[in-house]
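K.L.:
Quick one: the structure is below, questions incoming.
Only the coordinates and a few stated rules stand behind these numbers; no lab work does. Fair warning: this is a prediction, and the values are worked out from it, not measured in the lab. Glycine gets a Cβ as well: all are built from the backbone with ideal geometry, and neighbour counts include every protein chain shown.
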């Protein structure tokens, strides 16, 4: 059946496609059109077609998602108004969020190599039932590439080389990958990537010196078949990024003027991040269990190691250093019995934290408390089924216990380290349903609870925020809880796909930062709040070679803190895109034109209004950009892709970002397979 997938920003070509499957929505494989959630699915071909360089950039054409980039080496998607540690990031179902993730836009998402990903699944407003704390705005599960040995016969060996170059920043990106094995017995995938990202340039600011960085990544996956259904998987990923500048804080930022909006210059002589991360896991799974009451199961042990360091030189010459080392151990088990998925997961963080000033160790400069640990245990069950021929439901529950302990905590003004501990319990519920009006038109919706237990940064953190203000945690902060209600409809037939959804999220005890009366910020629980909005996407194949697609989204939200109601930070402005695509009859090449736009965003919170190095005074100006994308399958082995972005050289900034978006840019990528 010919089918248009509304999830894909640039569908590759009109062709016979199987229904798109999604795992993250229910922890079991289901057709995306049959899950009662708003989903977005991208595969490696979509990332290639869109000239995607980083994981956050994969969502640039996704309704309801604002991709904030403090700098090109960072990137923090705002999903339905939430970002950073209020969204859950997974790799192969293993949570990457750890207890040291700081608040606001975070840099961690870019440590996953987008070129090593086979597909990305985003489930919006999923809640905490299936994957636990943090899954508030959305759950993003990135699925790594594998050998595909079960689909091969006999010995096989195949590989690919990929190279990407863009003219704006003179950036180079390369990857080589090789897979080999024996069909049905074992398989190996090995990939190595490297990036040399140059300084970006736009028509208003010129060359933004200091925005470039370098990165090296490696991924390995070995799979062994014990039987036709039982598989052992060993996987390892590693990434290292150096000298990623928080450009907006530095003297390289001279400020930006656009009409009546303007940003203020930075003052730091230097402010750089280095990031090094690895994830190793061992997984045993059985897709056809011989246990009578279990259909399938999997057990996973994981180990993650990360090191984050920040080096800052102020205009006075004072230097500050913050270093975090985190070891995370994970253990999870899940099984499916009839229509119920159930299981448990446990994660344990061990944290070493160091701080210094002017080359001398300084305890109060530690990013979080030293010699700290954090544990999270979850028990979950989720049931799916049908009532009659037209109605299906999805209902689940999760119990979570979280505990934090620390020894080396040095709050501002203290002369000795302090120790402490806290623990929390939570029960989250979810109930969703879908009613099929006919074979192609359905209505879906429901309500899902989410929560986020305070992490070590909330409790003991010492960070730099906004225009360099000191931001400190509070050991007395409580968990934040959420309830999202959603109602949507989707149409999916041979020539037309359409999806419209509206949502409203209630916030209770949201963890926020407020002024501490001494020129800094402190973490506390706010009062009630809410975010609501809508998203729409459609794709219409009005001719065998032509497709017209469009999407739009809007949101608003408020939160009360200290008796004062204020706008939620970085609310996504009204934004959208329209694209027109032509594919030649032989499906060898295609061309797509896209226009993207966002209205002025001057609905700012008090904190955002003070973040003037990133968010312009009087609001972020509206913008309209036009781009052209094209692909050419030269042969079965060689594929070329082209992108001509921001054709009018518009000087603009995505709301909340620390630098302007690149100006006019041409990108060419080459993929050769053997």
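K.L.:
What's the FRET efficiency of residue 429 with residue 624 using the Cβ-Cβ distance as r and R₀ = 60 Å, to the nearest 0.05?
P.N.:
Plugging the Cβ-Cβ distance into 1/(1 + (r/R0)^6) gives 0.90.
K.L.:
Go ahead and estimate [θ] at 222 nm for the chain from helices alone: -39,500 (n - 2.57) per DSSP H run with n ≥ 4, summed, over the residue count, rounded to 500.
P.N.:
My calculation for the chain gives -500 deg cm²/dmol from helical runs alone.
K.L.:
On to the next question. In nm, to one decimal, how far is the modelled label at residue 346 from the one at residue 156, with both set 7 Å along Cα→Cβ?
P.N.:
Modelled inter-label distance: 3.8 nm.
K.L.:
Could I ask something else about it? Packing-wise, with mean Cβ within 10 Å as the measure, how do 447-460, 593-606, 263-276 rank, highest first?
P.N.:
Answer by packing, highest mean first, reads 447-460, 263-276, 593-606.
K.L.:
Find how much the distance from residue 417 to residue 243 grows on full extension, using 0.36 nm per residue of separation minus their present alpha carbon separation; answer in nm with one decimal.
P.N.:
Additional length available on full extension: 59.5 nm.
K.L.:
Okay, which of segment 288-324 sit inside 17 Å, backbone N to the point 7 Å along the Cα-Cβ direction of residue 364?
P.N.:
318-322
K.L.:
Compare the peptides 20-29, 566-575 by average per-residue count of other Cβ atoms within 10 angstrom and give them in order, highest first.
P.N.:
566-575, 20-29
K.L.:
Another question, then. Using packing as a proxy for protection, rank 376-385, 311-320 so that the peptide with the highest average count of other Cβ atoms within 10 Å comes first.
P.N.:
Result, highest mean first: 376-385, 311-320.
K.L.:
To the nearest Å, what is the center-to-center distance of segment 515-543 and segment 560-595, using C-alpha atoms only?
P.N.:
16 Å
K.L.:
Quick one: check the C-alpha center-to-center distance for segment 271-324 versus segment 133-170, whole angstrom.
P.N.:
When both Cα centres are located, 18 Å separates them.
K.L.:
Expressed in nm to one decimal, what extension gain is obtained for the pair residue 28 and residue 609 from 0.36 nm per residue of sequence separation less their Cα-Cα distance?
P.N.:
Between residue 28 and residue 609, full extension yields 204.8 nm more.
K.L.:
Right, another one. May I have the extent of the alpha carbons of segment 21-673 along their three principal axes, as whole Å values ordered from largest to smallest?
P.N.:
65, 57, 48
K.L.:
Given points 7 Å out from each Cα along the Cα-Cβ axis, report the residue 437 to residue 634 separation in nanometres with one decimal.
P.N.:
Label at residue 437, label at residue 634, 4.8 nm between them.
K.L.:
Roughly how many whole Å is it from the C-alpha centroid of segment 57-75 to that of segment 481-504?
P.N.:
Here the answer is 22 Å between Cα centres.
K.L.:
Something else: What length, rounded to one decimal in nm, is gained on full extension from residue 647 through to residue 267, with 0.36 nm per residue of separation minus their alpha-carbon distance?
P.N.:
133.6 nm
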